[in-house]
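For reference, the structure is listed below as structure tokens.
The values are calculated or read from the model by the stated rules, or taken from the named source; none is laboratory data. These figures come from a predicted structure and were not determined experimentally. For neighbour counting, all protein chains shown are included, and Cβ atoms are generated from backbone atoms with ideal geometry for every residue, glycine included.
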Amino acid sequence: MMKKEFELVLQPSGKTLPAGKIFCIGRNYASHAKELGNEVPSQPVLFMKGSTALWPADRPVPFPAHGSDLQHEAELVVLIGREGKNIPEAEAFSYVAGYGIGLDLTLRDLQSQLKKAGLPWEVSKSFDASAPLGLFSDRVTDPANLEITCEVNGELRQHGFSRNLIFPIPFLISWISRAFTLEPGDLIFTGTPEGVGSLKPGDHVRVAISGIGSSDFYLSGD
Ligand code: MG
């Protein structure tokens, strides 16, 4: 069987890119690191998700069965447009194809157990459909100055600004590319602002990012 490709569509150009590697940065907003009782990191906290974590916004997100506390993390996502290795920070933006809306879904109960045991997080972070993606835009002019909100069933849960990223986007691109060749279609989840919280089956999550738009995600019912 052919492996299915997850295609990213950029608006307004209509350009498409098949999704590649999925990098995620944890604790990249001081306010969020603090709410989970974590230290503010002195270098990026990087983890990755597998290809089956990707999920389109137009299908109900399946509720995972291997944990109980599923939480939303609304994030600005960087889409890489061309290949690079050891990218200088000053050239980083020339490797970006666009910016999008993503949810880094997390089974917080499982993650807490894994963290306590000093084990990797993947089971709590990289499971199927743990990376729903919404709109992507190739018209974002100032990615360091975007407003991010996340509403659950109409109630505001998260509200942040990309200017508060501890490690800004050019730094992340440069830093990641020291260890990994970045390729077209690679995605970087840049971290979530404060206000993460629990979801239940049937919830409606709306993530809006200024300059991109808003995307609706629906958790599947019981
Ligand atoms: Mg996250």
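Below are the figures for this structure:
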read-out: Residue check for E75: surrounded by fewer than 18 Cβ atoms within 10 Å (Cβ to Cβ) and not polar (S, T, N, Q); value: no
read-out: Qualifying residue in region 56-70 (condition: buried (at least 17 other Cβ atoms within 10 Å of the Cβ) and within 26 Å of W175 (Cβ to Cβ)); value: no
read-out: Flag for S42 being within 27 Å of A179 (Cα to Cα), at pLDDT below 95 and surrounded by fewer than 21 Cβ atoms within 10 Å (Cβ to Cβ); value: yes
read-out: Test: residue in region 167-175 that is touching a residue at least 40 places away in the same chain (Cβ under 8 Å), in a loop (DSSP other than H, G, I, E, B), away from the ligand (no atom under 14 Å from the Cβ) and not polar (S, T, N, Q); value: no
read-out: Single residue of region 97-125 satisfying the filter (within 12 Å of the ligand (Cβ to nearest atom) and among the hydrophobic types (A, V, I, L, M, F, W, C)) that is farthest from Q11 (Cα to Cα); value: W121
read-out: Residue ID - farthest from the chain's Cα centre (by Cα), chosen from residues in region 189-221 that are within 15 Å of the ligand (Cβ to nearest atom) and in a loop (DSSP other than H, G, I, E, B); value: L199
read-out: A129, sole failed condition from (1) more than 16 Å from the ligand (Cβ to nearest atom); (2) in a loop (DSSP other than H, G, I, E, B); (3) more than 20 Å from G37 (Cβ to Cβ); value: (1)
read-out: Residue in region 147-163 that is in contact with a helix residue (DSSP H, G or I) (Cβ under 6 Å, 6 or more places away or on another chain) and more than 12 Å from V77 (Cα to Cα) present; value: yes
read-out: Positions within region 55-82 being touching a residue at least 24 places away in the same chain (Cβ under 8 Å) and assigned to a loop (DSSP other than H, G, I, E, B), in sequence order; value: A57, P60, P62, F63, P64, H66, G67, S68, D69, E73, G81, R82
read-out: When residues of region 55-74 are limited to those that are small (G, A, S) and away from the ligand (no atom under 15 Å from the Cβ), the one farthest from L110 (Cα to Cα); value: A57
read-out: First in region 200-211 and on the phi < 0 side of the Ramachandran plot, second anywhere and of a type in the set (D, E) and surrounded by fewer than 16 Cβ atoms within 10 Å (Cβ to Cβ), Cβ under 6 Å, 6 or more apart; value: P201/D222; R206/D216; S210/E147
read-out: All positions within region 1-54 that are away from the ligand (no atom under 16 Å from the Cβ) and part of a strand (DSSP E or B); value: E7, L8, V9, L10, Q11, T16, L17, P18
